[in-house]
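Since the structure comes first, as structure tokens, the remarks are kept for the end.
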Protein chains: 2
Amino acid sequence: MSDHVTDDNIDQTIDFDELQSQSDETTFNEKSNESNHTEDEDIEEQQHFFDIINTFRYYKSFNMKKVQKRIDFVNTMTTAHQNLLENYSKHLTEVQTSILHNYEIIKVIIGDAAKIFRNHLFLKDNKKSSLTLKSEKDLDISRIDSILNQIVREWCHEGINERESCFVPILNTIEKYFPLVENRNQIRILVPGAGLGRLPFEIAKRGYSCQGNEFSLMMLFVANFILNKIDSIDVFTFYPWVSHFSNNLQSNHQILPIKFPDVNPATISKDVDFSMVAGSFIEIFNQQKNQFDCVVTCFFLDTAQNIVAYIETIWNILKTGGIWINFGPLLYHYADMTDCSIEPSYEIVREIIESFNFQFLEEKTNQICYYTRNPNSMVSYQYHSIFFVCRK
Amino acid sequence: MSDHVTDDNIDQTIDFDELQSQSDETTFNEKSNESNHTEDEDIEEQQHFFDIINTFRYYKSFNMKKVQKRIDFVNTMTTAHQNLLENYSKHLTEVQTSILHNYEIIKVIIGDAAKIFRNHLFLKDNKKSSLTLKSEKDLDISRIDSILNQIVREWCHEGINERESCFVPILNTIEKYFPLVENRNQIRILVPGAGLGRLPFEIAKRGYSCQGNEFSLMMLFVANFILNKIDSIDVFTFYPWVSHFSNNLQSNHQILPIKFPDVNPATISKDVDFSMVAGSFIEIFNQQKNQFDCVVTCFFLDTAQNIVAYIETIWNILKTGGIWINFGPLLYHYADMTDCSIEPSYEIVREIIESFNFQFLEEKTNQICYYTRNPNSMVSYQYHSIFFVCRK
């Protein structure tokens, strides 16, 4: 599965030896590292880190090839067809320019990721040699497009409708059940599936102490970059829809420039404990008890392979009387994968929640919302979400 | 790639030698066969026919295994979790029953497909021996789920909203531009991408002569079954959403029984020429000129690899003054495939249409509609379609 890469593929070398420690930043921890990892597990984790960095690095060559394939196909056509496609051909070169621009931002993100996730770097040389450099075809580079779309959802003005449909009901509910103003930072809130950190940021901005938890290293790299390296508004411009070849009304919708972030991420009060923890929700939290006043799950429950274990862990980590707020559909992530998974209906999920003695305080179905929607596209995935509030 | 299959996998043998010719039915032709095929092309076509039949035959074992995997996963859990999942386990056995029921209908469909597509059967024995029986993992069996969902869209009461949002504007437009009542059957209308035949059926039912064209043999098998073998309403019950494990509010939404057909398919007047032709739109029609009074494309343009060739072919086959009616988004089918494809925006498609000297008579964007939507699901793909009418 390993492969050689040329200079053309990999534009930037991250020098693992010259990294400096960071300070005055949102903490990014890996709690699962605190347990006793075996050497094999360490190597597996290093390999995953290495794969993600390489996935980002292949973005340029992968996407440039996709466009080149289209240019080559046009060149096989009759002259009459090529003439009719003159504007399309011009558009394809603009798509290439946008890809190159996105890649400049990606290089900054992965450069910083290698610095902050320093625990990954303390590899003895003999361990380093067991890591393999996977080829482009062995990495799912299309996932980076989802990350670019996720930046719009969480950190761009253009994502405001998505955030209002699910973050605002959650934030209002937190302030309803934890209305106190003084010592608000004593209220501890957990957000598993924190993505790029906007929801925990909004909670912390309102004065609550908040920990985000995220499994995806890709998400964590970008979250770290936004939360720790940016201290003003609209400093970056990127092209989040550049890989959306289909369903464009206008050609320029594919290469629409979008700015981020829409707020200054460096505005959390020093009194508030705001952190992100990397790793699996179950692995990190299943042995903890009575730790949080509130758990917020937003588009998260359906990332479970065994949703019963998620509900059990939420029950355990909440203090008695603690509040669980949920918003999202049940688009089970593992349903079509080779890994094992169960996908109970909401009817059954609800029964299981009640079996743990959670008390339903509020409950609404059919909450219309979108997830990383391209507002100009001729297709959008509309979710009819469930919102509920439970007390332990 | 070939594999042995056990009796457990394949429930029914189609006896190719005992087939009878059919009469008084909607004609299903393969026009591309009229050209001079090479022996290699014949074998390739036979292999494709054989693969599709086998894809249908593997439906049961493929889907039963998917459920069994979930049952096995539950069995690995703690007793406490298993007890909480008692209703889920019961539900999984009901899912299995629904799969078995769907398979009974599939057996009837493929039994009849082998009869009607008789041209596939005249293989010399030495050619037959070169056909390989592909294994389950080499066939895309999940496509059958799309076909079951397509039956709801086209031939069930539950699909009425989808049909009203796109078929009704098309049918009204046909009657607006071809309002005559006498000799209506002299008006020749072509529907490429005819799917399960409901749209050409509705056109023929209004008295116009109509030819459907469809590339997918899977679609054609089911279209043949419905149009030629059913002569009353609601005769079959099936479970179209049985493979939808995610996004169910209630467990019984996954195993909802639906009846088909909602109309009697055997009600086309004998005076009307109503037929379906199998094969690629370009291959069949690109050499024909001035054949049709009207071409209707509904969720079809984006099935093109080269949409310019589609537009050119539509221009050629229309009579001077003929009408082209289009409804659909631009969800280009080949965009993410290894085959070559171009995906111009509607802006560029429109320019190309005008370059062929088509005259736009009507044009609307943002026509909200759905395609094989499960009305109970917590997710739906919403299309913002384009509707236009052009004159040659």
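The values are calculated or read from the model by the stated rules, or taken from the named source; none is laboratory data. As the structure is a computational prediction, the values presented were derived from the model and not from experiment. Here Cβ is always computed from backbone atoms with ideal geometry, including for glycine, and neighbour counts include all displayed protein chains. Side chains included, ligands, DNA and RNA excluded: accessible areas come from the protein's heavy atoms. Shrake-Rupley method; radii C 1.70, N 1.55, O 1.52, S 1.80 Å.
Looking only at residues that are of a type in the set (K, R) and not in a helix (DSSP H, G or I) in segment A:124-181, which one is modelled with the highest pLDDT?
Among those residues, the one meeting the criterion is A:K134.
The conditions are (1) open to solvent by less than 10 Å² (accessible area, probe 1.4 Å); (2) in a helix (DSSP H, G or I); (3) without any contact (Cβ under 8 Å) to a residue 24 or more places away in the chain, and A:S380 fails exactly one of them. Which is it?
Result: A:S380 fails condition (2) only.
Could you check how many residues of segment B:249-284 are more than 21 Å from the chain's Cα centre (by Cα), closer than 18 Å to B:V152 by Cα and of a type outside the set (V, I, T)?
Qualifying residue count for the region: 4.
Output the residue which, of all residues in segment B:383-392 that are touching a Gly at 6+ places or on another chain (Cβ under 9 Å) and more than 10 Å from chain A (Cβ to nearest Cβ), is surrounded by the fewest Cβ atoms within 10 Å (Cβ to Cβ).
In this case the residue turns out to be B:R391.
What strands (runs of 3 or more DSSP E) completely inside segment B:215-316 contain at least 2 residues that are more than 12 Å from chain A (Cβ to nearest Cβ) and open to solvent by less than 10 Å² (accessible area, probe 1.4 Å)?
Qualifying strands (runs of 3 or more DSSP E): B:258-260, B:274-278, B:292-298.
What number goes with the only condition from (1) touching a helix residue (DSSP H, G or I) at 6+ places or on another chain (Cβ under 6 Å); (2) open to solvent by 70 Å² or more (accessible area, probe 1.4 Å) that A:N161 does not pass?
(1)
Among the residues of segment A:317-335, which ones are open to solvent by less than 30 Å² (accessible area, probe 1.4 Å) and within 11 Å of chain B (Cβ to nearest Cβ)?
A:G328, A:P329, A:L330, A:Y332, A:A335
Answer yes or no: is there a residue in segment B:290-306 that is without any contact (Cβ under 8 Å) to a residue 40 or more places away in the chain, over 16 Å from the mean Cα position of the chain (by Cα) and closer than 18 Å to B:R153 by Cα.
Among the residues of segment B:290-306, not one is without any contact (Cβ under 8 Å) to a residue 40 or more places away in the chain, over 16 Å from the mean Cα position of the chain (by Cα) and closer than 18 Å to B:R153 by Cα, which makes the answer no.
Here is a check on your reading of the model: is A:E45 away from chain B (no Cβ under 14 Å), open to solvent by 50 Å² or more (accessible area, probe 1.4 Å) and either at pLDDT 75 or above or assigned to a helix (DSSP H, G or I) (or both)?
Here the answer is no, as A:E45 does not meet what is asked.
Scan segment A:48-85 for residues that are open to solvent by 50 Å² or more (accessible area, probe 1.4 Å), in a helix (DSSP H, G or I) and within 14 Å of chain B (Cβ to nearest Cβ) and jot them down.
A:F62, A:K65, A:Q68, A:K69, A:D72, A:N75, A:T79, A:A80, A:Q82, A:N83, listed by residue number.
Given the condition more than 9 Å from chain A (Cβ to nearest Cβ), within 22 Å of A:H91 (Cα to Cα) and touching a residue at least 12 places away in the same chain (Cβ under 8 Å), answer yes or no: does some residue in segment B:338-347 qualify?
yes
Looking at A:I368, is it more than 9 Å from chain B (Cβ to nearest Cβ), assigned to a strand (DSSP E or B), among the β-branched types (V, I, T) and touching a residue at least 60 places away in the same chain (Cβ under 8 Å)?
Yes; evaluated as a whole, the condition is true for this residue.
Here is a list of conditions, (1) of a type outside the set (V, I, T); (2) out of contact with any strand residue (DSSP E or B) (no Cβ under 8 Å at 6 or more places or on another chain); (3) modelled with pLDDT of 95 or more, and B:D339 meets all of them except one; can you say which number that is?
So B:D339 meets the others, but not (3).
Of the conditions (1) farther than 15 Å from A:V296 by Cβ; (2) assigned by TED's automatic domain parsing to the domain that holds A:Y370, A:K176 clears all except one; give me its number.
The failed condition is (1).
Can you find, within segment A:86-107, the residue that is nearest to the other protein chains (Cβ to nearest Cβ) among those that are of a type in the set (A, V, I, L, M, F, W, C) and open to solvent by 10 Å² or more (accessible area, probe 1.4 Å)?
A:L100
Just to check your reading of the model, which residue among A:R188, A:R198 is open to solvent by less than 20 Å² (accessible area, probe 1.4 Å), touching a residue at least 40 places away in the same chain (Cβ under 8 Å) and of a type in the set (K, R)?
A:R198
Can you find, within segment A:336-351, the residue that is nearest to the chain's Cα centre (by Cα) among those that are within 18 Å of B:M378 (Cβ to Cβ) and surrounded by fewer than 20 Cβ atoms within 10 Å (Cβ to Cβ)?
So, considering only residues that are within 18 Å of B:M378 (Cβ to Cβ) and surrounded by fewer than 20 Cβ atoms within 10 Å (Cβ to Cβ), the one nearest to the chain's Cα centre (by Cα) is A:D336.
Might you check whether a residue that is modelled with pLDDT of 95 or more, of a type in the set (K, R) and within 28 Å of B:I71 (Cα to Cα) occurs anywhere in segment A:281-295?
There is no residue in segment A:281-295 that is modelled with pLDDT of 95 or more, of a type in the set (K, R) and within 28 Å of B:I71 (Cα to Cα).
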